[in-house]
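Read the figures in this text as sums done on the coordinates, not as results from a lab. What you see is a predicted model; the values in this text were computed from it and never measured. Cβ coordinates were reconstructed from backbone atoms using ideal geometry, including for glycine residues, and neighbour counts include every protein chain displayed.
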Amino acid sequence: MSEYNPSEIESTIQKLWNDENRFKSTPDEREKFYCLSMFPYPSGKLHMGHVRNYTIGDVISRYKKMQGFNVFQPMGWDAFGLPAENAAISNKVSPAEWTKQNIEYMKGQLNSLGLGYDWSKELRTCDSDYYKWEQLLFKKFYDKGLVYKKKSMVNWDPVDETVLANEQVIDGKGWRSGAQVEIKEIDQWFIKITDYADELLESLDELDWPENVKTMQRNWIGKSEGAHIDFKLENSNEKLTIFSTRPDTIFGASFLAISPQHKLAIDLAKENIEISNFLEKCKEVKAAEADMAKAEKLGIPTGLDAIHPLTGKKIPIWIGNFVLLDYGTGVVMGVPAHDQRDFEFASKYNLVITQVINKENTELPCLEKGILFDSNKYDGMHSEEAITSIIKDLQSKELGEGLVQFRLRDWGISRQRYWGCPIPVVYKDGEASVVEESELPVKLPELPEGSGPIPLSQNEAFINSKDGYKRETDTFDTFMDSSWYYARFPSADNDKDVLDENSRYWLPVDLYIGGIEHAILHLLYSRFFHKALRDLDMVDGDEPFKKLLTQGMVLKDGAKMSKSKGNTVDPQAYIDKYGADTVRLYMMFTSPPEQSLEWSESSVEGSFRFLKKLWKLVDGRKLESIQEPSSISDEGKNLRQKSHSTLQKIQNDYDSRYSFNTVIAAIMELFNAIPDNFKEDSATEEEVFCLNETIIFILKAIHPIAPHISEYLWQGFAQNILNENIDSSWPKFDSKLMEASGFQLVVQINGKVRGKISLDKGLDQKEIEEAAKSIENIRNNIEGKEIRKVIYIKEKIINFVL
RNA sequence: GCCCUAUUGGCGGAAUUGGUAGACGCGCGCGAUUCAAAAUCGCGUUCCUUCGGGAGUGCCUGUUCGACUCAGGCAUGGGGCACCA
């Protein structure tokens, strides 16, 4: 008998796993389970969020393995990105070197947590072994028409000096730097994610994902059904096309508004100083006012009129700062009576307000859909009917068409950074072409020792390709790297093929675990990649991640742990002090995975205490036989009843609920239920049998969560008799043993608990009623009153309604 | 403004299909052990109480024999989206 010494046990067991290659996975006949946790950015060291994320993944992986699944759990590094460049500048170490050192340290940390990864499939996005395939995929997307280049207004982050995707602009500020984003025009590469907008929206329904994540994606994709409607300009052959979701309100249209960035506005500004001044003013407001929705509505008349396509009346054309160029057509029809925003604008500039829709069964105009009036032949129609009818009529006159509009824009992937994957494109005479497959990878040039990052645009040797070609100097958005790594993992050690038969075998990911902060960006891009890869016949299935688990934040003093708040807790200190098993146990015990977790030192102590108790019970004990004795005492039967029913509960909690906190609570309860005399030397043979069975269940049940101590104890306790590793199988519960001989009846009067009584099973309802009435408190309550009804739930509750 | 989500003891949380609210753990209190402390073990721990009981899951209504659980309304916290036509 010895003290529980976690660091010694954990390194012994980790060495064993390593020597045995315990977590190396290859395809076989078993049902497969691909469990993936979002790979980390190698920022330096693990934080608590990582520890929680990876422990959850490891617990599920180990449990699934014990259940007989062929489990694949890989790990890698999202290794390109800006922090490496910043570190390079401040530490005088190259981004490559900085990243490599961080990976080495963090890999050691992951191993010290006892995470069962198949390191033979490790990948790093900054390795050319990885990104050459990314460049190939870019080429395949290009050949398929999914990639294009255009000059466009971009979100420019002046601090990070790079372009940001719309998804990376939060409240008008850069998602990483927090700097006010400027609008700038640059040549950019784009991926046509919008080609898949409909499918990205539709197939959300089939996914076993948290509803809030699916809703966020739906909102982001933002599908609206409506129509394009043409308005001819007066005295001209030109026309303006508007987009509206409410063609039924068209008879209320009293003006058109165009975006300040619309071509017509820019043309007018060339000749009109007032308009020119107005456009300048709009730019200033846009840059200054982060919250666009609260910005004041500004407008200026163009002096031009449009002809209403159905009434033939003249309506004025305005420039309005609230009209977005890149949504719809950059032109809207103003219907002040039935749109809040149009109303504000019309009120301010004294524009005509015409009501054409009444709320159903009333004479009251409304913003919502209703019944049309003053709308010629459409009078009396309901909005829905009118929309269909008006679109049909416009279509036949070639004045418009019904269509679907998305909020989602194409994905701008060019970044003006050094530490990223070079975009494999070369130029000659201004003509762009994608680098041939045989020429890949286009390697990121190495930097001189101790050098900070040098942008590719300043690297002459890199720019000048052969035959007078010039290289593209932008690198990919790092979200490109992380959009397909899940598919590469199974093929990560294949340098001949990007996605081989292993990827076909393991995909899709059965369970993907990570933070909610990736609900839109990363998860949407990955879904797009998977669909595009499917259409290239490189993967099977429509979706990459079958089930998604979003783990909650780790909090300290009620706030998210973050460097800026100064409330971080270094997990390493706790691993060193208590061991990985205690940290894992604590993390899983203190909150369900999806909820936030409040870090508490004293509670960590509590988890440690339990492992010490477990150690004390099992260490030095040896299983001599698993032969079931011929007779077992009532006390023994009670323990077995508890053991077997607890095992069933645990299985259910692991399987269908990912409710690890209740798994642990149940294990502790079972542990507490062991009678003291069963543990003593004087215990009888049958008592020892029942105890041993309980120990086996406890070790097995806690193994996914605290794998080191359980495996170590297992070796000493049972391995010589049961002759298998602890994770080779999951024990079976016997439902026959789970039945108790008696039960406790709860007695209610008018639905309130008024008494309890222990009874034997098998009594009929009359006997139960009599027994219940014999309780003193019940008798007193019933006396002199009429029992109107008796409700009896078998062997649970009896309720007397008086 | 719209959408999602949460609200249960001093604290983290449990109650899985409407059927004993507070499992399990932390903390706290008392006791054992110890010269003492740490560690460990035992008992207690929702609130009120005249010790018979009574009340209680953010608030208000309702459905039901019975509501943390279902329905309608409201409040507060967290998250997402937002001149999206």
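If r is the Cβ-Cβ distance from A:ASN638 to A:ARG176 and R0 is 56 Å, what FRET efficiency results, to the nearest 0.05?
The calculated FRET efficiency here is 0.40.
Remind me, relative contact order of chain A in percent, using alpha carbon pairs under 8 angstrom and six or more residues apart?
15 percent
Over the Cα atoms of the stretch A:653-782, how large are the radius of gyration and the largest Cα-Cα distance (Dmax), in Å?
20.8, 62
Using only Cα atoms, tell me the angle between helix A:383-396 and the longest principal axis of chain A; keep it within 0 to 90° and round to the nearest 10.
Relative to chain A, helix A:383-396 is tipped by roughly 50 degrees.
Please compute the net charge surrounding A:SER625, taking Lys and Arg as +1 and Asp and Glu as -1 over other residues with Cβ under 15 Å from its Cβ.
-4
Against the globular-protein guess of 2.2 N^0.38 Å, express the Cα radius of gyration of the stretch A:1-141 as a ratio, rounded to two decimals.
Against the compact-globule rule of thumb, the ratio is 1.21.
From the Cα trace of the stretch A:479-581, what convex hull volume per residue do you get, rounded to a whole Å³?
160 Å³
Amide H neighbours of A:VAL71 under 5 Å, at least 5 residues apart or on other chains, H built in the peptide plane: list them.
Answer set, sorted by chain and number: A:PHE33.
Give me the three principal axis extents of the stretch A:72-210 from the C-alpha atoms, as integers in angstrom, largest value leading.
46, 44, 33
Just to be sure I follow the rule: in the stretch A:125-185, considering lysines 8 or more places apart or on different chains, how many pairs have Cα atoms under 26 Å apart?
Taking the stretch A:125-185 as the scope, the lysine pair count is 17.
Once phi is turned into θ = phi - 60°, what whole-Hz ³J(HN,Hα) does the Karplus curve with 6.51, -1.76 and 1.60 give for every residue of the stretch A:198-209, x standing for Gly and Pro?
4, 5, 4, 6, 4, 6, 4, 4, 7, 7, 8, 10
To the nearest 20 debye, what charge dipole does the stretch A:391-446 have about its Cα centre, counting +1 at the Cβ of each Lys and Arg and -1 at the Cβ of each Asp and Glu?
400 debye
How much length, in nm to one decimal, is gained on full extension between A:GLU385 and A:GLU601, taken as 0.36 nm per residue of separation minus their Cα-Cα distance?
Stretched out fully, the A:GLU385 to A:GLU601 stretch lengthens by 71.4 nm.
Just list whichever of A:LYS192/A:LYS223; A:LYS613/A:LYS637; A:LYS612/A:LYS679; A:LYS24/A:LYS121; A:LYS64/A:LYS546 have alpha carbons separated by over 19 Å in the model shown.
Over 19 Å apart, Cα to Cα: A:LYS613/A:LYS637.
Long-range amide H contacts for A:ILE797: which residues qualify at under 5 Å (H placed 1.01 Å from N, peptide plane, sequence gap of 5 or more or a different chain)?
Hits under the 5 Å cutoff: A:VAL746.
Under 27 Å between alpha carbons, and skipping anything fewer than 8 positions from A:LYS377 in its own chain: which lysines qualify?
Hits, sequence-local ones excluded: A:LYS232, A:LYS239, A:LYS313, A:LYS314, A:LYS359, A:LYS369, A:LYS392, A:LYS397.
Pop the C-beta distance of A:ASP576 and A:VAL169 into the FRET formula with R0 = 56 Å and round what comes out to the nearest 0.05.
0.85
Output the Cα-based Rg and Dmax of the stretch A:559-670 in Å, rounding Rg to one decimal and Dmax to a whole number.
Looking at the stretch A:559-670, its Cα Rg and Dmax stand at 18.2, 65 Å.
Output ³J(HN,Hα) for the stretch A:174-186: one whole-Hz value per residue in order, computed from phi by the Karplus curve 6.51 cos²θ - 1.76 cosθ + 1.60 with θ = phi - 60°, and x for Gly and Pro.
These are the phi-based 3J(HN,Hα) values: x, 5, 9, 7, x, 7, 4, 7, 9, 9, 9, 9, 9 Hz.
Out of every Cα pair in the stretch A:679-748, what percent are spaced more than 17 Å from each other?
The answer is 55 percent, as a whole percent.
Extension gain A:SER347-A:ARG609, at 0.36 nm per residue separation less the Cα-Cα distance, in nm?
Between A:SER347 and A:ARG609, full extension yields 87.3 nm more.
Could you work out [θ]222 nm for chain A from helices alone, using -39500 (n - 2.57) per DSSP H run of at least four and dividing by all its residues? Round to the nearest 500 deg cm²/dmol.
-11500 deg cm²/dmol
For chain A, count all C-alpha to C-alpha pairs, find those more than 36 Å apart, and express that count as a whole percent of the total.
Summing the P(r) of chain A above 36 Å gives 60 percent of all pairs.
With a/c under 1.5 counting as rounded, go ahead and sort the stretch A:124-273 into rounded, prolate or oblate using the C-alpha gyration tensor (a ≥ b ≥ c being the square roots of the eigenvalues; past the cut-off, prolate if a/b is larger than b/c, else oblate).
Note, shape of the stretch A:124-273 comes out prolate.
Less than 14 Å Cβ to Cβ from A:ASP634, Lys/Arg counted +1 and Asp/Glu -1: what total charge do the surrounding residues give?
-2
How big is the stretch A:364-407 on each of its three principal axes, counting only the C-alpha atoms and giving the largest first in Å?
The principal-axis extents, from largest down, are 31, 29, 13 Å.
What order, most packed first, do the peptides A:535-542, A:636-643, A:91-98 have when packing is the mean number of other Cβ atoms within 10 Å of each residue?
A:636-643, A:91-98, A:535-542
Considering amide H positions built from the backbone, and no H for Pro or chain starts, which residues 5 or more places from A:LEU597, or on another chain, come under 5 Å of its amide H?
For A:LEU597, whose amide H was placed from the backbone, the distant partners under 5 Å are A:MET553, A:VAL554, A:LEU555.
Taking only the alpha carbons of the stretch A:293-343, what extent do you get along each of the three principal axes, in Å, biggest first?
Computed over the Cα atoms, the extents are 35, 23, 20 Å.
Could you run the Karplus curve 6.51 cos²θ - 1.76 cosθ + 1.60 with θ = phi - 60° over the stretch A:441-451 and give me ³J(HN,Hα) per residue in whole Hz, x for Gly and Pro?
With the stated coefficients, the stretch A:441-451 comes to x, 7, 7, 5, x, 6, 9, x, 3, x, 7 Hz.
Using alpha carbons only, what's the Rg to Rh ratio of the stretch A:385-431 with Rh from Kirkwood?
1.40
What is the ratio of the Cα radius of gyration of the stretch A:529-599 to 2.2 N^0.38 Å, with N the residue count, to two decimals?
Against the compact-globule rule of thumb, the ratio is 1.65.
Defining a contact as two alpha carbons under 8 Å apart and six or more residues distant in sequence, what relative contact order in percent does the stretch A:382-468 show?
This gives 20 percent for the stretch A:382-468.
Here are some pairs, A:LYS642/A:LYS732; A:LYS556/A:LYS616; A:LYS107/A:LYS565; which of them have Cα atoms lying more than 22 Å apart in this structure?
A:LYS556/A:LYS616; A:LYS107/A:LYS565
Within 10 Å of each residue's Cβ, count the other Cβ atoms and sort A:THR388, A:THR582, A:THR590 from fewest upward.
Final ranking by Cβ density, sparse to dense: A:THR388, A:THR590, A:THR582.
Going Cα to Cα from A:LYS766, which lysines come in below 18 Å? Please leave out same-chain ones fewer than 8 positions away.
Here the lysines satisfying the reach criterion relative to A:LYS766 are A:LYS756, A:LYS789, A:LYS794, A:LYS796.
Using only alpha carbon positions, build the gyration tensor of the stretch A:748-796, then give the equivalent ellipsoid semi-axes as the square roots of 5 times its eigenvalues, largest first, whole angstrom.
Taking √(5λ) for each Cα gyration eigenvalue gives 18, 12, 11 Å.
Rounding to the nearest 20 debye, state how big the charge dipole of chain A is about its Cα centre with +1 on each Lys and Arg Cβ and -1 on each Asp and Glu Cβ.
Value, rounded to 20: 1300 debye.
Taking 0.36 nm per residue of sequence separation and subtracting the Cα-Cα distance, how much length would be gained by fully extending the chain between A:SER562 and A:SER152, in nm to one decimal?
Length gained between A:SER562 and A:SER152: 144.0 nm.
Per q in 0.21, 0.23 Å⁻¹, report the Debye log10 I(q)/I(0) for the stretch A:433-541, using one uniform scatterer on each alpha carbon and no solvent.
Ignoring solvent entirely, the Cα scatterers give -1.17, -1.25.
Give me the percent relative contact order of the stretch A:13-118, please, defined on Cα pairs under 8 angstrom at least 6 residues apart.
Rounded, it is 39 percent for the stretch A:13-118.
How many nm is it between the label spots at A:ARG657 and A:ARG22, if each spot is 7 Å from the Cα in line with the beta carbon?
The modelled label-to-label distance comes out at 2.8 nm.
So if we plug the beta-carbon distance of A:GLU368 and A:ASP760 into 1/(1 + (r/R0)^6) with R0 = 45 Å, what FRET efficiency do we get, rounded to 0.05?
The formula returns an efficiency of 0.10 here.
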